Amino acid sequence: MFTFLGGRPCLDLTTTLQVRHREHPRELLTTPADVTRWLAEAGYGTGIAVDDAGLRRTVALRETIDRLCRHPSRETDREELNAFAAGPPLVPYWTGAAVEYRGDLGQALATLARDAIDLLAGPHAGRIRECAHPDCSRLFLDASHAGRRRWCDMTACGTKAKSADYRRRKSGGS
């Protein structure tokens, strides 16, 4: 099961490589089936066929988005993101009760790339944050009123960090 805490699908994709800053990050997209499952859980349609080349393309897009969120001035990454976005997007299909998205992997990647462009070129680009917990490297969109959110999720990382700070203060550590 994947976690969707980023506030935008493109940011959620970047978190499929966890604890990036560690020597051995945790890769969640190890097989084509993992990509199919992530797309389904993210709401991008069920049963999208992914092969080994599709897995590599998905990881390439993820890494491009991650680099641009951290260093938006990288021209080669912007060109790569634009190339991903140039394809046709997924097609929304209204069932009467919900909206389903239909299409293939290329369309799903184009849709994710367009989401990244919308975020990175829009007014919220300055609100992209990395979780402040030392065991987390998730990127998230800080939608708080004050714009000072520090953790990807208060339950997951915020409580752990605050508890650790409290224990350190109580034990006399600095």
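Any read-out appearing in this document is the output of simple, stated calculations on the displayed coordinates, not a laboratory observation. Just so it is clear, the model here is predicted, and its values are computed rather than measured. FYI the Cβ positions are ideal-geometry reconstructions off the backbone, even for glycines, and counts take in every protein chain you see.
Placing a label point 7 Å from the Cα of E100 along the Cα-to-Cβ direction, the residues of segment 38-68 with a backbone N closer than 12 Å are 45-48.
Among R62, R22, R127, the largest mean-square fluctuation in a Gaussian network model of the chain, built with springs joining Cα atoms closer than 10 Å, belongs to R22.
Isolated cysteines of the chain, defined as having no other cysteine beta carbon under 4.7 Å away, are C10, C69, C157. Once Rg and the Kirkwood radius are both taken over the C-alpha atoms of the chain, their ratio Rg/Rh works out to 1.01.
Spin-label model, R74 to M1: label points 7 Å out along the Cα-to-beta-carbon direction sit 3.2 nm apart. Both radii were evaluated on the Cα set of segment 1-69; the Rg over Rh quotient, with Rh as the Kirkwood radius, amounts to 0.94. Helix 32-41 and the long axis of the chain differ in direction by around 80°, with both axes built from C-alpha atoms.
Among A125, A143, A108, the largest mean-square fluctuation in a Gaussian network model of the chain, built with springs joining Cα atoms closer than 10 Å, belongs to A143. For the pair V91 and R150, the difference between a 0.36 nm per residue extended length and the Cα-Cα distance amounts to 17.7 nm.
Between H21 and H124, the modelled labels are 2.4 nm apart [label points 7 Å from Cα along Cα→Cβ].
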